[in-house]
Amino acid sequence: MKIALGTDHAGFEFKNQLASILVGQGVDLFEVGALSYDANDDYPDFAEAVARAVAEGKAERGILVCGSGVGASIAANKVRGVRAAMCHDTYSAHQGVEHDDMNVLCMGARIVGIELAREIATAFLGAVFSGEPRHTRRLAKVIAIEAAS
């Protein structure tokens, strides 16, 4: 599975650690930045890059890191076809995929430690959309809301 990974300055070192862990697990990463630390960069730029990579099929899923995870989640959800959510626990990370077909995971580098982030990312990447009728029905309604916007 190809994963787009991005962060702003607030999660730069965190992203580098997480990338190393994920590559060590055999994950195929496509890093969109930040590729160097810049205290003046802005999370929407990297959120958009990850979201577009997912929406355009360049990556199957995405992982975004910013200070809290909130801004990255908000920005990524502006791209049609992206279902991004901030998860700081493993249950939400796998349940978001299984029930809601979440395709972008957002985390806050100032909120979770790297070991918990590894567990969250592993839960997210290992999860599969259930396809159960109630989840498919609900996803169709979410997609309809997006299409009407």
Q: Taking the dipole about the Cα centre of the range 2-148, with the C-beta of Lys and Arg at +1 and of Asp and Glu at -1, give me whichever of G71, G33, N16 is farthest to the positive side.
A: G71
Q: Compute the signed sum of charges (Lys and Arg +1, Asp and Glu -1) over the other residues within less than 15 Å, Cβ to Cβ, of V128.
A: -3
Q | Charge dipole magnitude, Cβ of K and R +1, D and E -1 - the chain, Cα centre, debye nearest 20 | A | 540 debye
Q) Could you give the nm distance between label points at F129 and S20, where each point is 7 Å from its Cα heading toward the beta carbon? A) 3.5 nm
**Q.** Pairwise label distance in nanometres, M1 with I74, each label 7 Å out on the Cα-Cβ vector
**A.** 2.8 nm
Q: Determine the sum of side-chain charges near A55: Lys and Arg each +1, Asp and Glu each -1, restricted to other residues whose C-beta is under 14 angstrom from that of A55.
A: +2
Q. If you rank C87, C66 by fewest surrounding Cβ atoms within 10 Å, what's the result?
A. C87, C66
Q: For helix 133-148, report the angle its Cα long axis makes with the longest principal axis of the Cα atoms of the chain; keep it between 0 and 90° and round to the nearest 10°.
A: 70 degrees
**Q.** Extension gain from L35 to I145, taking 0.36 nm per residue of separation minus the Cα-Cα distance
**A.** 36.1 nm
Q: Please find the FRET efficiency linking D45 to E13, where r is the Cβ-Cβ separation and R0 is fixed at 25 Å, and quote it to the nearest 0.05.
A: 0.85
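A short reminder: the numbers here are calculations on the coordinates, not readings from a lab. Small disclaimer: the values here were computed from a predicted structure and weren't measured. Every residue, glycine as well, gets a Cβ built from its backbone with ideal geometry; the counts of neighbours run over all protein chains shown.
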